[in-house]
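**Student:** My questions all concern the structure below.
The values are calculated or read from the model by the stated rules, or taken from the named source; none is laboratory data. What you see is a predicted model; the values in this text were computed from it and never measured. Cβ: placed from backbone, ideal geometry, glycine included. Neighbour counts: every protein chain shown. Keep in mind that these areas ignore ligands, DNA and RNA; they rest on the heavy atoms of the full protein, side chains included. Shrake-Rupley method; radii C 1.70, N 1.55, O 1.52, S 1.80 Å.
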Amino acid sequence: MSNAMWGGRFAKGPDAVLEAINASIDFDRRFYAQDIRGSKAHVAMLAAAGVVSKEDAAAIEKGLDEVLAEIEAGTFKFSRALEDIHMNVESRLAEIAGPAAGRLHTARSRNDQVATDFKLFVRDALDGLDGQLRDLQEALVETAETHAAAVMPGFTHLQSAQPVTFGHHLLAYVEMIGRDRGRVADARRRLNECPLGSAALAGTSFPIDRKMTARSLGFDRPTANSLDAVSDRDFVLETLALASICAGHLSRFAEELVLWSTPQFGFVKLSDRFSTGSSIMPQKRNPDAAELVRGKTGRVVGALVGMLTVMKGLPLAYSKDMQEDKEGLFDALDTLSLSIAATAGMVRDLEPNLAAMKKAAGAGYATATDLADWLVRVVGIPFREAHHVVGRIVGKAAAANVALEKLPLSEMQAVEPRITEAVFEVLGVANSVKSRVSYGGTAPKNVRAQAARWRKRLAKEARG
């Protein structure tokens, strides 16, 4: 038997294999609420335009409310034979509202319907992600402000470079996540055009009001080209791209938490709530939450690559390949949401070992640049010459196995006679970070100012 919803052209029903590969109801049921919302907006517009009677529109809207209630109550029976969420809803609506239900699909196609539903879903998801990312920023800012003056080593090439503060390091991730949120806002703004009314690909001959539909669904405007409207999945690609970048940021932080929590670093202790033990080694505290955040990035990036591959060779307009747009995005959004929540939890619970951080901050002659800067600023020699002088002084300190600030003044003067006792004012790690007062630098007063700026901004956003 042919499909009752579209099978007038077909004498026989689909093969079981086709039914299995064609059906999307197992995953696209997820945006049932968006589908029903879009249908209600569409039928209200049809009634306003005189395309359907107000009586039929009222029956359809009432029936859609009943379908929504059934789905939310868990009593709705989904059918794979009906392929997708759209036809499942419409089939049940026909049982409830009778012949009036058949008028709902006037002046639309599943092509513009699914594009609209999906945009509504992605828009809601982006709003949710933005809220989660703001919460993570709040956790980082709070911890950064508490430890604005806590000295730790800053690294390049994972080698000790210059001392920074723990607060400054955490605020770096606040900035990254701020850019992530900017990409969320950009993607949301670009997707906010309504495809509904584009029909299959060419528009419709019915006198519809697409601006009314767009307004009622919270879109800025209707899409301007019907071919583009039904075949556009840029909003999916862009969401996956921003999710991949964000997941990458979370992964970088997770990697640092993994390193910092090792006995070799000993910079932080993750709480029991975000650590696990070993089945054989009773002493172990494994940073599994951080490792999983790091590992799950591959799933998010994989979804982006998969979607780029699906879309790269499709002619206009709609092709069934585009049904592959949903599962990857659903998984990526779920994965990213879970990763953000885990990261925020770890940040709020972690215990920094400030003594270990400070001790490590002075290792590897991390204040060598401070000495070079002092030579330029006080003695007046060119930086490149100062660089060579300090390199020789570091060599002396390494040979004596002492820190720079422990090297006798006479040893320094043997390399550069103009060095005075005042040089020791810049050689300690605390003095080093305190001196980095340029805008965006690690000086504790800078960190406190930046944390306050972010706290004020985030509080304002939370108030709406």
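**Student:** Restricting attention to the range 438-464, which residues are outside any helix (DSSP H, G or I) and touching a strand residue (DSSP E or B) at 6+ places or on another chain (Cβ under 7 Å)?
**Tutor:** At the first step, the residues of the range 438-464 found to be outside any helix (DSSP H, G or I) are 438-443, 464.
Within the range 438-464, T442 is the sole residue that qualifies.
**Student:** Which one of these is open to solvent by 30 Å² or more (accessible area, probe 1.4 Å), without any contact (Cβ under 8 Å) to a residue 60 or more places away in the chain and of a type in the set (A, V, I, L, M): L314, L237, L227, L259? Quick ask: steps written out before the conclusion?
**Tutor:** On the way: L314 fails: without any contact (Cβ under 8 Å) to a residue 60 or more places away in the chain; L237 fails: without any contact (Cβ under 8 Å) to a residue 60 or more places away in the chain; L227 fails: without any contact (Cβ under 8 Å) to a residue 60 or more places away in the chain.
Answer to the selection: L259.
**Student:** Here is a follow-up. Given the conditions (1) aromatic (F, W, Y); (2) within 26 Å of F206 (Cβ to Cβ); (3) at pLDDT 95 or above, report the number of the one that F76 does not fulfil.
**Tutor:** Every listed condition holds for F76 apart from (2).
**Student:** Here's something else I'd like to know. Name the single residue, out of those in the range 267-294 being part of a helix (DSSP H, G or I) and without any contact (Cβ under 8 Å) to a residue 24 or more places away in the chain, that is farthest from A241 (Cα to Cα). Give the steps one after another, and end with the answer.
**Tutor:** Initial filter on the range 267-294 (part of a helix (DSSP H, G or I)): 272-274, 288-294.
Imposing the further condition that a residue be without any contact (Cβ under 8 Å) to a residue 24 or more places away in the chain reduces the set to 272, 288.
On the way: D272: 33, D288: 26 Å.
Ranking the qualifying residues of the range 267-294, first place goes to D272.
**Student:** Still on this model: Give me the pairs: first residue in the range 172-186 and touching a residue at least 12 places away in the same chain (Cβ under 8 Å), second residue basic (K, R) and not in a helix (DSSP H, G or I), beta-carbon distance under 6 Å, and six or more apart or on different chains, which are they?
**Tutor:** Close Cβ pairs satisfying both conditions: none exist.
**Student:** Look through the range 169-209, keep the residues that are open to solvent by 50 Å² or more (accessible area, probe 1.4 Å) and touching a Leu at 6+ places or on another chain (Cβ under 7 Å), and return whichever of them is nearest to A115 (Cα to Cα).
**Tutor:** L201
**Student:** Right, here's the next one. Could you look through the range 358-391, keep only residues that are over 18 Å from P163 (Cβ atoms) and among the β-branched types (V, I, T), and pick out the one that is surrounded by the most Cβ atoms within 10 Å (Cβ to Cβ)?
**Tutor:** V389
**Student:** Return yes or no: is G197 outside any helix (DSSP H, G or I), closer than 30 Å to V268 by Cα, touching a residue at least 60 places away in the same chain (Cβ under 8 Å) and not aliphatic (A, V, I, L, M)? Talk me through it step by step, then tell me what you get.
**Tutor:** Working: outside any helix (DSSP H, G or I): yes; closer than 30 Å to V268 by Cα: no; touching a residue at least 60 places away in the same chain (Cβ under 8 Å): yes; not aliphatic (A, V, I, L, M): yes.
It is false that G197 is outside any helix (DSSP H, G or I), closer than 30 Å to V268 by Cα, touching a residue at least 60 places away in the same chain (Cβ under 8 Å) and not aliphatic (A, V, I, L, M).
**Student:** In the range 115-128, which residues are open to solvent by 10 Å² or more (accessible area, probe 1.4 Å) and of a type outside the set (D, E, K, R)?
**Tutor:** F121, A125, G128
**Student:** Examine the range 362-370 for a residue that is over 34 Å from the mean Cα position of the chain (by Cα) and polar (S, T, N, Q), and state whether such a residue exists.
**Tutor:** Yes, that holds for at least one residue.
**Student:** Hey, does the range 432-448 have a residue that's within 17 Å of T146 (Cβ to Cβ), in contact with a Ser or Thr (Cβ under 8 Å, 6 or more places away or on another chain) and surrounded by fewer than 17 Cβ atoms within 10 Å (Cβ to Cβ)?
**Tutor:** Checked against the condition, which is being within 17 Å of T146 (Cβ to Cβ), in contact with a Ser or Thr (Cβ under 8 Å, 6 or more places away or on another chain) and surrounded by fewer than 17 Cβ atoms within 10 Å (Cβ to Cβ), the range 432-448 yields no hits at all.
**Student:** If you check E70 against the conditions, is it acidic (D, E), over 16 Å from Y32 (Cα atoms), out of contact with any Leu (no Cβ under 9 Å at 6 or more places or on another chain) and surrounded by fewer than 20 Cβ atoms within 10 Å (Cβ to Cβ)?
**Tutor:** Values: acidic (D, E): yes; over 16 Å from Y32 (Cα atoms): no; out of contact with any Leu (no Cβ under 9 Å at 6 or more places or on another chain): yes; surrounded by fewer than 20 Cβ atoms within 10 Å (Cβ to Cβ): yes.
When the stated conditions are applied, E70 does not pass them.
**Student:** Same structure again: One residue is enough: does the range 82-91 have a residue meeting the conditions over 20 Å from F330 (Cα atoms) and out of contact with any Ser or Thr (no Cβ under 9 Å at 6 or more places or on another chain)?
**Tutor:** No: zero hits.
**Student:** Can I ask one more? For the range 1-31: of the residues being among the small types (G, A, S), at pLDDT 70 or above and farther than 22 Å from L68 by Cβ, which is most open to solvent (accessible area, probe 1.4 Å)? Reasoning before the result, please.
**Tutor:** Within the range 1-31, the first condition is being among the small types (G, A, S), and the residues that meet it are 2, 4, 7-8, 11, 13, 16, 20, 23-24.
Among the residues that remain, those that are also at pLDDT 70 or above are: 16, 20, 23-24.
If we keep only those that are farther than 22 Å from L68 by Cβ as well, we get 16, 20.
Values: A16: 79, A20: 52 Å².
Result: A16.
**Student:** Among residues belonging to the range 130-145 that are open to solvent by 10 Å² or more (accessible area, probe 1.4 Å) and out of contact with any strand residue (DSSP E or B) (no Cβ under 9 Å at 6 or more places or on another chain), point out the one that is farthest from C246 (Cα to Cα).
**Tutor:** If we filter the range 130-145 for residues that are open to solvent by 10 Å² or more (accessible area, probe 1.4 Å), which is where we start, we get 130-132, 134-135, 138, 142-143, 145.
When the remaining residues are screened for being out of contact with any strand residue (DSSP E or B) (no Cβ under 9 Å at 6 or more places or on another chain), the result is 130-132, 134-135, 138, 142, 145.
Numbers: D130: 11, G131: 14, Q132: 12, R134: 13, D135: 14, E138: 16, E142: 20, E145: 23 Å.
Looking at the filtered set, the residue picked out is E145.
**Student:** Taking the range 326-370 on its own, how many of its residues are out of contact with any helix residue (DSSP H, G or I) (no Cβ under 9 Å at 6 or more places or on another chain), over 25 Å from R285 (Cα atoms) and outside any loop (DSSP other than H, G, I, E, B)?
**Tutor:** Total meeting the criteria: 1.
**Student:** Taking A247 as meeting all but one of (1) among the hydrophobic types (A, V, I, L, M, F, W, C); (2) closer than 26 Å to G128 by Cα; (3) touching a strand residue (DSSP E or B) at 6+ places or on another chain (Cβ under 6 Å), write down the number of the exception.
**Tutor:** (3)
**Student:** Report those helices (runs of 4 or more DSSP H) wholly inside the range 379-437 carrying at least 1 residues which are under 47 Å from the mean Cα position of the chain (by Cα).
**Tutor:** Values: elements: 383-400, 409-415, 429-435.
Hits in the range 379-437: 383-400, 429-435.
**Student:** Let me ask something additional. Looking only at the range 153-168, count every residue that is buried (at least 22 other Cβ atoms within 10 Å of the Cβ) and either polar (S, T, N, Q) or assigned to a helix (DSSP H, G or I) (or both) and tell me the total.
**Tutor:** So in the range 153-168, the residues buried (at least 22 other Cβ atoms within 10 Å of the Cβ) come out as 153, 163-168.
Checking the rest, the ones that are also either polar (S, T, N, Q) or assigned to a helix (DSSP H, G or I) (or both) come to 165-168.
Counting residues in the range 153-168 that are buried (at least 22 other Cβ atoms within 10 Å of the Cβ) and either polar (S, T, N, Q) or assigned to a helix (DSSP H, G or I) (or both) gives 4.
**Student:** (1) in contact with a helix residue (DSSP H, G or I) (Cβ under 8 Å, 6 or more places away or on another chain); (2) more than 18 Å from I381 (Cβ to Cβ); (3) of a type in the set (D, E, K, R): which one isn't true of R457, the others all being true?
**Tutor:** All conditions are met except number (1).
**Student:** Within the range 32-65, take every residue that is among the charged types (D, E, K, R) and exposed (fewer than 15 other Cβ atoms within 10 Å of the Cβ) and give me the one that is farthest from I96 (Cα to Cα).
**Tutor:** K54
**Student:** Here's a check for you: in the range 296-308, which residue that is more than 14 Å from the chain's Cα centre (by Cα) and without any contact (Cβ under 8 Å) to a residue 40 or more places away in the chain is most open to solvent (accessible area, probe 1.4 Å)?
**Tutor:** Checking each candidate, the answer is V305.
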